[in-house]
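**Q** Below you'll find the structure I mean.
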Amino acid sequence: MLGNFVYCNPTKVYFGKTALEGLRKELPKYGKNVLFIYGGGSIKKNGIYDAVLKILKECGKNVYEDAGVMPNPTSEKLMDGCRRARECKADLLLAVGGGSVIDYAKGVSVSAYCKEDPWTKYYLNMEAPDNQLIPVGAVLTMVGTGSEMNGGSVITNHEQKLKIGHVFGEEVFPKFACLNPEYTYTLPQYQMVAGFYDIMCHILEQYLSGTDDNTSDYVMEGLMRSLIHSSLIALKDPKNYEARSNIMWTATWALNTFVAMGKTTDWEVHMLGQAVGAYTDATHGMTLSAVSMAYYHHILPYGLAKFARFAVNVWGVNAEGKTEKQVAEEGLSRMADWMRTLGLVMDLKTLGVTPDMIEGIADATYIMKGGYKILDRKDVVSILKESL
Ligand code: NZQ
Ligand code: ZN
């Protein structure tokens, strides 16, 4: 391991069937006014809304609501949330939902009392907050992003056709997160598997980088094996608690900063996926699955040894009598089979991308420097065309 680092993750996690009891323990630490933030209404259908509200009331809170946070939350909605948070003088932002709701709550946390335009300050200029923050707590209902235990906040600006994530510091991480795997049972299959791929992709963004012998790579191989195993069980039996709980916890560890310590990372698939998302508003995990195979095949020659290690240690490829390239390619082919088995979207056309959008999506794709090949614009265009 080569890097120096300081590690701290301040989020307190309550995990399991009684996780929501954690909310009761946490609420007394905050003032009376709680802004209850949620999405398009799934929590009203599956009973999570009622369960959360009951605890808020029993704990004597003044409850204000901010509903309708959309998947891929927008900069416009963010401004609406800031106004609501100021109006009710929120002491706590309680995000109940998936990555979109939690990311949005973090955006409101840093923006409600920001004197400048939050989109420009945080998402375009990547500045750190220097104003009063409102604490965020989370109840997770969709698994994948890791937002429950990290500082990420991804916001979409439709006018500018940009989707950008700011990774805030530990002061913006949720103070607590309640993770009950049973809360994910009502997810439509499309969302469930999109989340599975988001987890895989988060791990690969951090695994497929660097050539040093690094503890994190061994940890990530274990996380990926657990994910592959449990995902196939959950696909057939979505209410399998063991599988859903393993996946939920794997997702959290895939992106709670731990495996990135002392390590270079890539994140180019996310840059491609986010640009696709800015143009299509498609489900995050599917924007990643649609571009992944073209991207990984494109960079494979530059990271051959790691791709071969991935094939053997994660996909169980037998390397005997094969060249490193053959082993590496067999690993990717097994991964593609797994993706197809899950029913992931493997091309951009299905997400609504048309050939005339390619140049614009390429313009909106940020180039990262930590992968096995630093892409140029020609590479980006060719990966996007191949993914069509
Ligand atoms: O809005 P409701 O009605 O709740 O429906 C949601 C939404 O339509 C539904 N859903 C969530 N929980 C459910 C449920 N439906 C039934 N039962 C449940 N228990 O699922 C849909 C998708 O939810 P969303 O929150 O959008 O999904 P996800 O968790 O994948 O979040 C996606 C957002 O997170 C960002 C993405 O870019 C995207 O904007 N990301 C955040 C990251 C971070 N904070 O570190 C990293 C990720 O790479 C990602 O970029
Ligand atoms: Zn992601």
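The values are calculated or read from the model by the stated rules, or taken from the named source; none is laboratory data. Computed from a prediction, not measured in an experiment: that's the story for all the values here. Glycine gets a Cβ as well: all are built from the backbone with ideal geometry, and neighbour counts include every protein chain shown.
**Q** When you look at Leu2, is it under 30 Å from Val259 (Cα atoms), among the hydrophobic types (A, V, I, L, M, F, W, C), more than 13 Å from ligand 1 (Cβ to nearest atom) and in contact with a Lys or Arg (Cβ under 9 Å, 6 or more places away or on another chain), yes or no?
**A** Values: under 30 Å from Val259 (Cα atoms): yes; among the hydrophobic types (A, V, I, L, M, F, W, C): yes; more than 13 Å from ligand 1 (Cβ to nearest atom): yes; in contact with a Lys or Arg (Cβ under 9 Å, 6 or more places away or on another chain): yes.
Spelling it out, Leu2 is indeed under 30 Å from Val259 (Cα atoms), among the hydrophobic types (A, V, I, L, M, F, W, C), more than 13 Å from ligand 1 (Cβ to nearest atom) and in contact with a Lys or Arg (Cβ under 9 Å, 6 or more places away or on another chain).
**Q** While we're looking at this one, here's another question. Is there a residue in the range 114-122 that is within 16 Å of ligand 2 (Cβ to nearest atom) and over 15 Å from Cys178 (Cβ atoms)?
**A** Within the range 114-122, not a single residue is within 16 Å of ligand 2 (Cβ to nearest atom) and over 15 Å from Cys178 (Cβ atoms).
**Q** Would you say Ile164 is of a type in the set (A, V, I, L, M), within 16 Å of ligand 2 (Cβ to nearest atom) and out of contact with any Gly (no Cβ under 6 Å at 6 or more places or on another chain)? Step through it out loud before you land on a result.
**A** Details: of a type in the set (A, V, I, L, M): yes; within 16 Å of ligand 2 (Cβ to nearest atom): yes; out of contact with any Gly (no Cβ under 6 Å at 6 or more places or on another chain): yes.
Spelling it out, Ile164 is indeed of a type in the set (A, V, I, L, M), within 16 Å of ligand 2 (Cβ to nearest atom) and out of contact with any Gly (no Cβ under 6 Å at 6 or more places or on another chain).
**Q** Here is a follow-up. Looking at Glu76 and the list (1) over 18 Å from Ile134 (Cβ atoms); (2) away from ligand 1 (no atom under 11 Å from the Cβ); (3) touching a helix residue (DSSP H, G or I) at 6+ places or on another chain (Cβ under 6 Å), which single condition is not satisfied?
**A** (3)
**Q** Here's a follow-up. I'd like to know if the range 288-297 contains one or more residues that are within 13 Å of the chain's Cα centre (by Cα) and crowded, with 24+ Cβ neighbours inside 10 Å. Talk me through it step by step, then tell me what you get.
**A** So in the range 288-297, the residues within 13 Å of the chain's Cα centre (by Cα) come out as 288.
In the following step, the residues that additionally are crowded, with 24+ Cβ neighbours inside 10 Å were identified as 288.
Within the range 288-297, one or more residues are within 13 Å of the chain's Cα centre (by Cα) and crowded, with 24+ Cβ neighbours inside 10 Å.
**Q** Just one of the numbered conditions (1) among the small types (Gly, Ala, Ser); (2) buried (at least 16 other Cβ atoms within 10 Å of the Cβ); (3) within 21 Å of Cys88 (Cβ to Cβ) is not true of Gly31; which one?
**A** Here Gly31 meets the rest and fails (2).
**Q** When the range 13-71 is examined, which residues are found to be within 13 Å of ligand 1 (Cβ to nearest atom), among the small types (Gly, Ala, Ser) and either over 24 Å from His284 (Cα atoms) or without any contact (Cβ under 8 Å) to a residue 12 or more places away in the chain (or both)?
**A** Gly47, Ala51
**Q** Does Val314 qualify as being more than 17 Å from Ser231 (Cβ to Cβ) and modelled with pLDDT of 95 or more?
**A** Criteria not met by Val314.
**Q** Assuming Glu171 fulfils every condition listed in (1) closer than 28 Å to Glu26 by Cβ; (2) within 16 Å of the chain's Cα centre (by Cα); (3) of a type outside the set (Ser, Thr, Tyr) apart from one, which condition is it?
**A** For Glu171, the failing item is (2).
**Q** Further question on the same structure: All but one of (1) near ligand 1 (Cβ under 10 Å from one of its atoms); (2) surrounded by fewer than 20 Cβ atoms within 10 Å (Cβ to Cβ) hold for Asp213, so report the exception by its number.
**A** (1)
**Q** Of Ile55, Ile102, which residue is modelled with pLDDT of 95 or more, of a type in the set (A, V, I, L, M, F, W, C) and within 16 Å of ligand 2 (Cβ to nearest atom)?
**A** On the way: Ile55 fails: within 16 Å of ligand 2 (Cβ to nearest atom).
It is Ile102.
**Q** Do any helices (runs of 4 or more DSSP H) entirely within the range 306-388 hold 3 or more residues that are over 23 Å from the mean Cα position of the chain (by Cα) and over 28 Å from His158 (Cα atoms), and if so, which? Talk me through it step by step, then tell me what you get.
**A** Values: elements: 324-342, 358-363, 377-387.
Passing ranges, in order: 324-342.
**Q** Go through the range 129-170 and give me each residue that's over 26 Å from Asp281 (Cβ atoms) and assigned to a strand (DSSP E or B).
**A** Scanning the range 129-170 gives a single hit, Gly137.
**Q** Right, something else. Give me the residue from the range 151-168 that is crowded, with 21+ Cβ neighbours inside 10 Å and among the β-branched types (Val, Ile, Thr) and, out of that set, farthest from the chain's Cα centre (by Cα).
**A** Thr156
**Q** Related question: Tally the residues that are out of contact with any Asp or Glu (no Cβ under 9 Å at 6 or more places or on another chain) and within 16 Å of ligand 2 (Cβ to nearest atom), restricting the search to the range 124-154.
**A** 4
**Q** If we keep just the residues of the range 169-199 that are in contact with a helix residue (DSSP H, G or I) (Cβ under 6 Å, 6 or more places away or on another chain), farther than 26 Å from Ile55 by Cβ and not aromatic (Phe, Trp, Tyr), which is nearest to ligand 2 (Cβ to nearest atom)?
**A** Asp198
**Q** Which pairs turn up if I take residues in the range 187-202 that are without any contact (Cβ under 8 Å) to a residue 24 or more places away in the chain and look for partners that are assigned to a helix (DSSP H, G or I) and more than 9 Å from ligand 2 (Cβ to nearest atom) with beta carbon separation below 7 Å, at least 6 apart in sequence or on another chain?
**A** Correct list of pairs: empty, since none qualify.
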